[in-house]
Amino acid sequence: MSVLVITKSDDHEGIGQVLDFLREDGMRVVRMDTDRFPLETSLSMHYTKGGEKLVFQSEEGEFDLREVTSVWYRRLNAAGRLPADMERQLRAGAVHETRLTILGMVASLKAFHLDPFHHVRHAESKQLQLQLAKELGIDIPRTLITNDPASARAFYDECRGEVVTKMMASFAVYDAQNREKVVFTTALKPEDMGEALLDLRFCPMTFQERVPKSVELRATIVGNKVFTAAVDSQKSADTKVDWRRDGLGLIDSWVPYDLPKEVEERLLGLMAHFRLNYGAADFVVTPDGRHVFLEVNPVGEFFWLDKFTGLPISRAIAGILAGHGRRVF
């Protein structure tokens, strides 16, 4: 039995723990660092009337991909090591073709997938997440996604000025010195509701009511198990709105948390709709005990929770890949 790990060479240390558990379970681990393909590794996929041959080659040798029994889709950085000075159009074409080649290979494997790529992409829709969560009885914050300044001002008034703004996806911008500037969730001020809103014509944004916080939760779902941890993000001015502003400062402040059974069951229902075995969901717990759902990331991170809280997330991931844990789909 073997597991193919789709990742990148600079993926974090946390996956090593999962791979060690897999090897302990007798699984052969084949790691495909997608940034190293096609320059440093190779794929050959041969289809004929008589059958097919799927071969992956790296410095560790040649591997027949037909032997794969599980696929762990982690990260994709197709052709990440192509020369930066490569002609722009040729580079873009090579990256696109490489990406399609990898994803096509993965889709063709007759194995258990954690999780299928098309399920992951479908589940990334934040609008659909909020819609389904509400239908399942999960508490959600009032939310507006718009490029219309008048709608944004009306929403701000509706929430009595208690509004945060965020982007649909996490990303960074770079200044003139090429320094990374991460775009965090930000609380709006009255002065932000004037001419600054005209910039919405360039890009829609997400506006959300600012929910009062007692603690914030990360609930990691693996199959039919939910591992939840909490952090007090309100003890620092830097993390009151977005704990990621000082994620390293809070990294050892996370503690295991008992998610109410009703919330857990509804969260599993949301995962069932998306046909996912893995996800990382974020909640806010209000001072009056409401559990307010923010989002679920189908490829969200887990390693710091595994390392600092003792929650056996890596063990559970390895178990489901090896076939010991319960696979929901």
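The figures follow:
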| item | result |
| --- | --- |
| Residues HIS46, HIS12, HIS113 arranged by fewest to most Cβ contacts within 10 Å | HIS46, HIS12, HIS113 |
| Bridge type composition, the chain - antiparallel percent by DSSP, nearest 5 | 75 percent |
| Theoretical FRET efficiency, 1/(1+(r/R0)^6), r = Cβ-Cβ of MET86 and SER42, R0 22 Å, to 0.05 | 0.70 |
| DSSP-defined antiparallel bridges as percent of all bridges, segment 1-135, nearest 5 | 45 percent |
| Ranking of ASP242, ASP306, ASP10, ASP282 by count of other Cβ atoms within 10 Å, fewest first | ASP10, ASP282, ASP242, ASP306 |
| Dipole of segment 284-329, positive direction: furthest Cα of LEU311, GLY323, VAL299, with charges on the beta-carbon | GLY323 |
| Chain lengthening between SER108 and ALA187 when straightened (0.36 nm per residue, less Cα-Cα) | 23.9 nm |
| Label selected from (i) -0.56, -0.69; (ii) -0.46, -0.57; (iii) -0.65, -0.76, the criterion being log10 I(q)/I(0) by the Debye sum over Cα atoms at q = 0.09, 0.10 Å⁻¹ as computed here | (i) |
| Relative contact order (%) - the chain, alpha-carbon pairs under 8 angstrom, separation at least six | 18 percent |
| Separation of alpha-carbon centers, segment 16-30 and segment 205-220, rounded to whole Å | 35 Å |
| GluC sites (Glu not before Pro) within segment 34-91: DSSP coil, no more than 15 neighbouring Cβ in 10 Å | GLU40, GLU59, GLU60, GLU87 |
| Size of charge dipole - the chain - debye, nearest 20, with Cβ of Lys, Arg +1 and Asp, Glu -1, no other charges | 680 debye |
| Long pairs among LYS53/LYS110; LYS166/LYS213; LYS189/LYS240; LYS213/LYS261; LYS110/LYS307; LYS225/LYS261, criterion Cα-Cα beyond 23 Å | LYS110/LYS307 |
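Bear in mind these aren't lab numbers, they're just calculated from the coordinates by the rules spelled out. The model shown is predicted, which means the values in this text are computed figures rather than measured ones. Note that we place each Cβ from the backbone using ideal geometry, even for glycine, and neighbour counts take in every protein chain shown.
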